[in-house]
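*Asks:* Sharing a structure with you now.
Here, each number is a calculation from the coordinates, and none is a lab measurement. In this text the structure is predicted, and so the values were computed from the model without any measurement. Note that we place each Cβ from the backbone using ideal geometry, even for glycine, and neighbour counts take in every protein chain shown.
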Amino acid sequence: MSHGGLTPVGRGGGAALGADEVARRLGSLVLVERRRGHRVAPEALAVAAFLRPRGGERVVDLGAGTGVLSLLAARAEPPPASVAAVERLAPLAELARRNAARNGLEGLIRVHERDLRTLGEGELAADLVLANPPFYAEGSGQPSSNPLAHAATHELAGGLVDFVAAARRCLVGPGRLVLVHAAERLAEVLATLAAAGLRPLRLRVLRRALGGAAHRTLIEAATGGEAASGLEVDEAGLDYRVFIRSGPRRA
């Protein structure tokens, strides 16, 4: 699943933008973002590139932000049956709704403004769950002065355990979870998946530079009904900078 880099779109096209907003093109998609604060992260683009869509799947995007991963999943080939974008923060959930409508995908993507920790068993039944959770515990990592940006990177309202638990409640039958996390927490990620009854199928490493240290890990895990024997590992890894270059550019 591939896409082009994000490039600016002139204010003349599409729906009106707020003074603090900018529209950028991502392949055939147009994404509206805040000029400051929460923006498309390289990790979301890496998850999209890692996906192996099967077509006709019910997709749930946990912690959807402005909806970029939901948009990319909706445009995947073969296409999904539906996409449910779950986002706790009202400003981001509203942008996700607008982005779905701007790209003519409001009939396929439904945005749920709520805390993923409150999702009940099977409430949003899924065949495929996508997750790009915060990587850092509060008080660690690089803080941001912008509340929306800080909430995207730090575990202020749910961390790894909460995301995996919510994913498991969505996967009421055979299904898969695809998530990205900090490489230094890989052992914790694998233990959390195992505790939830999810078995890793594929693993890809993103490095800060080719041949450099591991920076992020992408994992596809599955329920018992889905899991096959063996683990497919991308041993060489990919250069994380590829996804940074695919990110937003100044107008």
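*Asks:* Packing-wise, with mean Cβ within 10 Å as the measure, how do 209-220, 175-186 rank, highest first? Before the final figure, lay out the partial values.
*Replies:* On the way: 209-220: 16.8, 175-186: 21.5.
Result, highest mean Cβ count within 10 Å first: 175-186, 209-220.
*Asks:* Another question, then. What does the net charge come to around ALA182 if you take all other residues with beta carbon closer than 10 Å to its beta carbon, with K and R at +1 and D and E at -1?
*Replies:* Cβ neighbours under 10 Å give a net charge of -1.
*Asks:* A follow-up question, please. Which FRET efficiency, nearest 0.05, do ARG25 and ARG208 yield, Cβ-Cβ r, R0 30 Å?
*Replies:* Working: r = 27 Å, r/R0 = 0.90.
Between ARG25 and ARG208 the formula returns 0.65.
*Asks:* Here's a follow-up. Please state the shape class of segment 48-130: rounded when a/c is under 1.5, otherwise prolate if a/b exceeds b/c and oblate if not, all from the C-alpha gyration tensor.
*Replies:* Note, shape of segment 48-130 comes out oblate.
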